[in-house]
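S.K.: Pasting a structure below so you can have a look.
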Amino acid sequence: MTSAAPLDLSARYQLARHLAQQAAQRGLHLYRQREHLTVESKGGFSQDVVSAADRELEVFIRTELLAAFPEDGFVGEETGTARLDARCVWVIDPIDGTACFLHGLHNWCVSIGLLVDGVPAIGAVADPNHDELFHGGRGFGAWVNDQPLQVSSATDLRAGLLGVGTFYANGKQHFMPFLGQLLDAGGMFLRNGSGALMTAYVAAGRLLGYYETCLKSWDCVAGLALLAESGGRCNNFLRGDGLLNGNPYLVACPGVYDQVAAMIGPSLDAD
Ligand code: 2AM
Ligand code: CA
C-alpha cells in the first residue's frame, strides 16, 4: 500500500544509525561468548550458517523499525519479508559475515539499508570490532563515523586491491576465469567474508572495487546507498528478482569499473 504523505527520510536515517549501533553492541556481546551459541547449517554447507545471534538481532531490528514506521516494508535475511509494495522497504542483515562471526574473525557487521521507490536511499553499516559506523544516504552524504567517504581516484587495477566473493560450485564457473584475468592484469584480490563491509570499503576508497558472483540484497542495499553518495558505480543489481533472490554484483570506483566489468563478461548483467 502506498501513501501520499511526505516521507521523513531524516527520521529514518537517524533511526537506521541508532539501531545499527545498538544491534552491533549486542552482537559484540554475543560474539565474545560465541562458543555458547546454537548454530545451524543452511542448505548443508558448513560455511553457510545461522546462529541464535543472527535471529535475536534481526527480531530486535525488525521490531524497532516497524514500531517506528509501521507503514514501511521489510526484507531480512532471517525473518523474511513484509509489505513489499510499500514506498519505503528496509533491507537488513543482522550479521553480515556470519561465518567470520562464528569462527572468531572480526570481519562482520550489522547492515541496515532502506529502499525508497526501489532505489537504495539510506544505509548504516556498523562494525563494532573496529569502532566504525559507515552511514549515509541520498541528500545526506556518506560517512565513516564523522569522516566523509570518497571512492578511489585510481584508473589502474595495479593501484590497489579488489574485493571478491563467491559461493561454492555455482559461482566457480564465473569466478575462476575472472580471477585469472585479474591476476593477468596485475590486480590482486581480497575476500573478507562480509559483502556489506567490502562495499563500504569501496565507498571509502580502501578497495578499488568488489565483485561477487551472486550476492543477496540484505548484504548490499545499505552499502549501495553509501556508494551512490561517494562517487562509485554499480551494476543493475536489483533487476529482476534481485531483491529476493540476489544477482551478480559489481561496485567500483569509476576509473576501473569498465575494466572489471569486461573481465566478468555478460554474466554480470544477464537476465
Ligand atoms: P552472510 O555472512 O550474511 O551469510 C561474502 O562474500 C558474502 O557472502 C557475505 O556477505 C555473506 O553473507 C555472503 N553469503 C554467505 N552465504 C551466501 C549464499 N549462500 N549466497 C550468497 N551470499 C552468501
Ligand atoms: Ca547474515
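The values are calculated or read from the model by the stated rules, or taken from the named source; none is laboratory data. As the structure is a computational prediction, the values presented were derived from the model and not from experiment. All Cβ positions, even for glycine, are placed from backbone atoms using ideal geometry, and neighbour counts span all protein chains on display. SASA here: full protein model, heavy atoms, side chains in, ligands and nucleic acids out. Shrake-Rupley method; radii C 1.70, N 1.55, O 1.52, S 1.80 Å.
S.K.: Name, by its number, the condition in (1) closer than 16 Å to Val125 by Cβ; (2) crowded, with 24+ Cβ neighbours inside 10 Å that does not hold for Asn192.
M.R.: Condition not satisfied by Asn192: (2).
S.K.: Another question, then. Confirm whether Asn145 is within 14 Å of ligand 1 (Cβ to nearest atom) and surrounded by fewer than 21 Cβ atoms within 10 Å (Cβ to Cβ).
M.R.: No.
S.K.: Please give the number of the condition Gly232 fails out of (1) at pLDDT below 95; (2) in contact with a strand residue (DSSP E or B) (Cβ under 6 Å, 6 or more places away or on another chain).
M.R.: Gly232 satisfies all of (1) at pLDDT below 95; (2) in contact with a strand residue (DSSP E or B) (Cβ under 6 Å, 6 or more places away or on another chain) except (1).
S.K.: While we're looking at this one, here's another question. Starting from segment 224-252, take each residue that is at positive phi and list its partners that are part of a helix (DSSP H, G or I), counting only C-beta distances under 8 angstrom and pairs at least six apart or across chains.
M.R.: If the second residue must be part of a helix (DSSP H, G or I), the pairs left are Gly231/Pro254; Gly246/Ser217.
S.K.: Give me the pairs: first residue in segment 26-40 and in contact (Cβ under 8 Å) with a residue 24 or more places away in the chain, second residue open to solvent by 70 Å² or more (accessible area, probe 1.4 Å), beta-carbon distance under 8 Å, and six or more apart or on different chains, which are they?
M.R.: Cβ pairs passing all conditions: Arg26/Glu56; Leu30/Glu56.
S.K.: Also, I was wondering about something else. Quick one: in segment 95-150, of everything that is more than 12 Å from the chain's Cα centre (by Cα) and aromatic (Phe, Trp, Tyr), which residue is nearest to Cys253 (Cα to Cα)?
M.R.: Filtering segment 95-150 for residues that are more than 12 Å from the chain's Cα centre (by Cα) and aromatic (Phe, Trp, Tyr), the one nearest to Cys253 (Cα to Cα) comes out as Trp143.
S.K.: Turning to a different aspect of this structure: Please state which of the following conditions Leu244 fails to meet, knowing it meets all the rest: (1) buried (at least 23 other Cβ atoms within 10 Å of the Cβ); (2) among the hydrophobic types (A, V, I, L, M, F, W, C); (3) under 16 Å from the mean Cα position of the chain (by Cα); (4) farther than 25 Å from Gly139 by Cβ.
M.R.: Single failed check for Leu244: (1).
S.K.: Continuing with this model, one more query. Among Phe134, Phe74, which is of a type in the set (Phe, Trp, Tyr) and either more than 25 Å from Glu229 (Cα to Cα) or within 15 Å of ligand 1 (Cβ to nearest atom) (or both)?
M.R.: The conditions single out Phe134.
S.K.: Of the residues that make up segment 4-14, is at least one part of a loop (DSSP other than H, G, I, E, B), under 26 Å from Arg87 (Cβ atoms) and either within 15 Å of ligand 1 (Cβ to nearest atom) or at pLDDT 95 or above (or both)?
M.R.: yes
S.K.: Could you check segment 45-104 for strands (runs of 3 or more DSSP E) lying wholly inside it with 1 or more residues that are within 14 Å of ligand 2 (Cβ to nearest atom) and among the polar types (S, T, N, Q)?
M.R.: 49-51
S.K.: For segment 113-128, state whether one or more residues are open to solvent by 70 Å² or more (accessible area, probe 1.4 Å) and within 11 Å of ligand 1 (Cβ to nearest atom).
M.R.: no
S.K.: List every residue pair whose Cβ atoms sit under 6 Å apart, with the two residues 6 or more apart in sequence or on different chains, where the first one lies in segment 105-129 and is in a strand (DSSP E or B) and the second, anywhere, is within 13 Å of ligand 1 (Cβ to nearest atom) and open to solvent by 30 Å² or more (accessible area, probe 1.4 Å).
M.R.: none
Okay, residues lined up against (1) within 20 Å of Ile122 (Cβ to Cβ); (2) hydroxyl-bearing (Ser, Thr, Tyr):
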position	(1), (2)
Ala16	yes, no
Gln22	yes, no
Arg26	no, no
Val39	no, no
Thr98	no, yes
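S.K.: When segment 183-205 is examined, which residues are found to be more than 16 Å from ligand 1 (Cβ to nearest atom) and touching a residue at least 12 places away in the same chain (Cβ under 8 Å)?
M.R.: Ala185, Gly186, Gly187, Met188, Ala204, Gly205
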